[in-house]
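**Student:** A single structure is presented below for examination.
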Amino acid sequence: MEEHAAPVNTENVLVSKKLKNMVPIATVEKDGFKTLLKTTDPRYELPNRKYFASEILPQKYSEVRGKLSERLAKVAHFAPGPEWPSGEPGEFSTLYSALLRS
């Protein structure tokens with residue numbers, strides 16, 4: 001039987017999924033969400049939303065921004081274009097781009 005991943009991995013996955021799916025931070029305080037996490041990783045102590053907002057998200061922002069800056073520093077050309085929204089309520093329009101390296 002495989003051993004559970006360390007709690008810090010649970011937090012990394014949790015933050016990545018919340019950001020990717022644009023799930024509100026307040027979700028961490030919902031009973032169903034707490035039950036889900038206790039079921040999947042009983043050792044993980046779920047922080048409150050204030051901790052996510054003041055600690056985890058700023059750390060993740062800095063990490064992603066640094067990686068993006070490194071990638072953009074290598075870009076020779078940039079070609080933006082629109083991606084059409086699906087028309088569903090709550091959907092966001094996005095901007096895609098083609099980054100061409102020399």
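**Student:** Pairwise over distinct Cα atoms, reciprocal of the mean inverse distance: report the Kirkwood radius of the range 7-74 in Å, one decimal place. All intermediate terms of the calculation are to be shown ahead of the outcome.
**Tutor:** Details: mean 1/r = 0.0767 Å⁻¹.
For the range 7-74, the Kirkwood estimate is 13.0 Å.
**Student:** Shifting gears a bit: Where does each of Thr40, Thr10 land when they are ranked from fewest to most other beta-carbon atoms within 10 angstrom?
**Tutor:** Sorted ascending by nearby Cβ count, the order is Thr40, Thr10.
Bear in mind that the values in this text are calculations on the coordinates, not laboratory data. Here the structure is a predicted model, which is why all the values come from computation and not from measurement. Here Cβ is always computed from backbone atoms with ideal geometry, including for glycine, and neighbour counts include all displayed protein chains.
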